[in-house]
Each structure stands twice: as C-alpha cells, then as structure tokens.
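Contents: one structure, followed by commentary.
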Amino acid sequence: MQVSYQYKLRPKPSQSKVMDSWLDMQRSLFNWFLADRIDGYYQTFIMGEYCDIRTKTERYPLTCSLNKNSNLHNPWKNPDKNGVIKKRSCSLMQDAYLAEMKQARPWYKAIHSNVLQMLVKRLDTAMEGFFRHGRGFPSFKNRSNFRSFQYKPGDVKLDGNKIYLPSIGWMRFYNSRPIPQGFQIRTVTLRKKADGWYASILIKDDSVPDFPAPGEVNTVVGLDMGLTKLVHCSDGSDFDNPRPSTSKKGKRTLKIRQRRLSRKNIGSANRKKQAQKLARLHKKHADKRSAYQWFVANKIVSKADAISVEDLNIKGMKAKCKPKPDDVKHGRFLKNGQSAKRGLNRSISDASWGTLIEKIQYAAAKSGKSFFKVDPKNTSRT
C-alpha cells in the first residue's frame with residue numbers, strides 16, 4: 001500500500017531563505033532543460049538534414065542524439081565489458097550535464113545532487129506524458145507555478161516532530177499524525193504554499209494490499225450533484241453546500257482583498273503583502289472545501305455497499321456560450337446569456353464536483369465498496 005501524508009513545516013528564517021533560493025535556481029534550470037529539449041526536437045524532426053541551427057552542421061550519429069533528445073552532453077555511453085557502446089536517453093544526457101553545470105555555475109553546488117536529479121526526472125515525466133499519453137506539452141515555469149522540489153527515497157529522516165532535509169538540516173514540523181508501523185519513507189516533496197512550507201511524505205508497505213476486493217452488494221445509494229444542495233442521495237438525504245467562495249460573506253471578503261490589491265503600486269512591497277493576504281484567503285477556502293468533501297465522502301460510503309454517481313462532463317458544463325451574430329448589424333453580436341452563465345460557472349467551480357467524486361471513489365475503494373459511474377441523463381428524475 002502506498003499513501004501520502006502531508007505535514008506543515010516550521011523552518012527557521014535562514015532555512016526558509018535557503019529553500020526559496022533553491023526554488024529560484026531550480027526553476028531557471030528547469031526552463032533551461034526544457035528549452036534544450038525543444039531545440040533538440042526542432043533539430044531532429046524539423047531541420048531534417050541539419051543538426052545545428054546556426055552552423056547547419058549535417059546530422060551524424062556521433063554529433064546528434066537522433067531522437068527527441070538533448071544537445072547538452074555526449075549522446076553515447078562509455079563502452080561496457082563487451083565493448084558495446086549504447087546511446088544515452090535524454091534524461092541521462094541532461095543528468096550527466098549536471099556535473100559540468102556545477103563547474104560553470106558554482107552556486108548550484110548548494111543544492112543537493114539528488115534534488116537536481118529529481119528535477120530532470122520531473123521534466124522527463126512531463127515530456128513522456130506528452131509523447132506517449134497525449135497530455136499537454138510542458139510549459140516554461142514562473143514563480144507562481146513552480147513551487148516544489150523533491151528528494152529521493154532514503155534521503156530524508158524523521159525523529160518525532162523533527163525532519164532532516166539534506167543540505168538544509170534538521171527542521172521542526174507539526175506532527176499531526178504518526179506514520180504507521182511497517183511503512184517506509186519513499187519520496188519527500190517540499191511545497192511552498194500561501195501560508196508556509198509543507199512536506200508531502202510518500203510512505204509504502206508492500207505487505208499491505210492497496211485496496212480490499214469489493215464484497216457482495218446488497219444495498220446501493222445513488223448520488224445526484226447539485227448547487228443548492230451539494231449532493232442529493234437516493235435514500236432522501238442530502239448534504240448542504242457550504243459555498244466557501246461564492247457565499248455572501250466569501251464574495252464580499254474576496255472582493256475587498258482584490259480591490260485592495262489593485263490599488264497598490266505594481267512592484268511595491270505593500271502589493272506583495274496584499275497579494276499574500278489574498279493567496280491565504282484562497283487557500284483558506286480550498287481547505288474548507290476539501291475538509292467538508294472528505295466528511296461528505298465518508299458519510300456517503302457508510303450508507304451502502306455500492307455507490308452510483310453520474311458521469312458528468314464538468315468541462316462541457318462550464319464551456320462558454322456560442323456567440324450569436326446579429327444579422328441586421330454586421331460585425332455585431334446579440335446577447336447569448338454568457339453574463340448570467342458566468343455566475344453558474346463560478347458556483348460549479350466552488351462546489352468542485354470532480355474532486356468530490358474522486359474522494360468518494362477513493363473512500364469506497366478503501367472500504368471495499370463498489371463504485372459505479374452512470375449516464376447522467378434523467379438521473380435527477382429517477
């Protein structure tokens with residue numbers, strides 16, 4: 001079984017400064033490696049017979065990686081015992097470049113080597129998701145969307161309410177729940193949020209099965225998602241929708257924080273402070289939403305042996321209305337109801353049906369209950 005526990009860290013000011021500098025350097029390195037991969041892909045598949053854009057040197061096996069690879073390092077490994085020379089993968093080429101990069105940029109020596117290697121793996125996973133699984137192409141990162149770094153298994157140690165992070169030192173954390181006996185620490189991800197640093201610890205125990213097999217189904221409860229009530233159950237019960245972001249109080253507080261932010265001068269220290277307050281408010285709403293969804297999921301799972309939920313196309317429900325051209329006045333458009341639908345889209349996002357369904361599915365699998373998704377047509381009537 002493999003689960004993840006999240007703890008809030010209590011770093012010293014000097015440790016927070018070190019982790020912030022690590023984030024900045026790793027973000028720059030991530031963008032550099034991504035640009036290198038884009039350049040290698042361009043040279044391999046678009047330039048055709050050329051390898052280098054400026055010199056237009058012909059592409060040979062000894063000078064080019066040939067296949068969606070990097071140009072930072074030698075693409076060939078050292079000969080093995082039998083004298084066979086194999087080609088490096090892109091991640092191995094960029095990983096081998098780290099030693100040269102530290103010589104050219106000595107400030108990167110402050111970062112633990114395994115952290116830099118996990119950064120290369122992170123980019124490799126994103127590229128593999130694009131080429132093999134049809135996901136979005138990796139994008140260049142800025143300070144708002146690059147907020148975490150990771151350690152390899154075996155690097156981090158725990159001792160009560162203290163955690164040891166290599167190259168950073170011992171640090172206190174809020175030990176909200178102890179790690180079960182028999183579980184081993186795998187990867188540890190440090191993530192910076194609006195109210196501080198958090199550690200996501202992945203623990204694993206091979207002797208414990210992931211989920212018990214579903215048992216016999218005697219009772220079934222059907223779920224219908226809503227906005228006035230968050231969930232309507234087939235047994236007649238329902239759950240209230242707390243609306244953390246779209247309630248009267250939530251909207252007023254959010255409007256005040258955003259208005260104060262807009263009045264601050266761009267680049268000023270007061271604007272950064274106000275942006276931090278706004279981010280903390282968004283996180284507070286997200287925490288309230290997540291805690292309530294876990295409460296609802298556990299209550300629903302305890303009702304029956306099987307749970308049936310409608311398979312909603314939430315992305316399609318929040319899509320923009322089609323424009324209505326005006327036939328009389330060319331180049332003009334008629335009202336299409338998008339202004340009214342904007343409030344509906346905000347309510348759907350605030351309810352967060354998708355994450356609620358995922359939590360219900362996880363809680364059902366953990367309890368050995370069956371989970372089904374059905375066609376949403378006429379589910380509100382039946």
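On a 0 to 90 degree scale, rounded to 10, what angle separates helix 90-104 from the longest Cα axis of the chain?
60
Give, rounded to the nearest 20 debye, the magnitude of the charge dipole that region 155-218 has about its Cα centre when Lys and Arg contribute +1 at Cβ and Asp and Glu contribute -1 at Cβ.
Taking the Cα centre of region 155-218 as origin, the dipole is about 460 debye.
So for region 220-374, averaging the separation of alpha carbon pairs under 8 Å that are six or more residues apart and normalising by length, what relative contact order in percent results?
29
Of the listed values (1) 22, 32, 25, 13, 7, 1; (2) 19, 46, 32, 3, 0; (3) 26, 51, 15, 7, 1, grab the one calculated as P(r) over Cα pairs in 20 Å bins from 0, in percent from the structure here.
Given (1) 22, 32, 25, 13, 7, 1; (2) 19, 46, 32, 3, 0; (3) 26, 51, 15, 7, 1, the structure-derived one carries the label (2).
Mind checking which lysines have their Cα closer than 24 Å to the Cα of Lys141? Skip sequence neighbours fewer than 8 apart in that chain.
Output for Lys141: Lys17, Lys68, Lys102, Lys109, Lys121, Lys152, Lys192, Lys193, Lys272, Lys273, Lys277, Lys283.
Sort 133-141, 217-225, 328-336 by packing, meaning the average of other beta carbons within 10 Å per residue, with the highest value first.
217-225, 133-141, 328-336
Run lengths n ≥ 4 of DSSP H only: what is the helix-derived mean residue ellipticity at 222 nm for the chain, with -39500 (n - 2.57) per run over all residues, to the nearest 500?
When only DSSP H runs of four or more count, the value is -13500 deg cm²/dmol.
By how many degrees, 0 to 90 and rounded to 10, does the Cα axis of helix 13-45 deviate from the longest principal axis of the chain?
So the helix axis and the longest Cα principal axis differ by about 70 degrees.
In terms of Cα to Cα distance under 20 Å, which aspartates and glutamates are near enough to Lys229, apart from those fewer than 8 places away along the same chain?
Asp238, Asp240, Asp287, Glu310, Asp311, Asp350, Glu358
For region 99-178, what mean projected area does the convex hull of the alpha carbons give, in nm²?
Average projection, Cα convex hull of region 99-178: 7.9 nm².
For the chain, take the longest principal axis of its alpha carbons; what is the angle in degrees between that and the long axis of helix 338-351, to the nearest 10 within 0 to 90?
80
Mean separation of Cα pairs under 8 Å and 6+ residues apart, divided by the residue count of the chain: what relative contact order is that in percent?
16
How much length is gained if the chain between Arg346 and Trp170 is pulled fully straight, taking 0.36 nm per residue apart and subtracting their Cα-Cα distance, in nm to one decimal?
59.1 nm
Name all residues of region 163-197 having a backbone nitrogen under 16 Å from the label point set 7 Å from the Cα of Lys277 along its Cα→Cβ direction, giving them as ranges.
Taking a point 7 Å out along Cα→Cβ of Lys277, the residues of region 163-197 whose backbone N falls under 16 Å are 195.
No value in this document is a laboratory result; all are computed from the given coordinates. As the structure is a computational prediction, the values presented were derived from the model and not from experiment. Don't worry about glycine lacking a Cβ; one is built from the backbone with ideal geometry, like all the others, and counts go over all protein chains shown.
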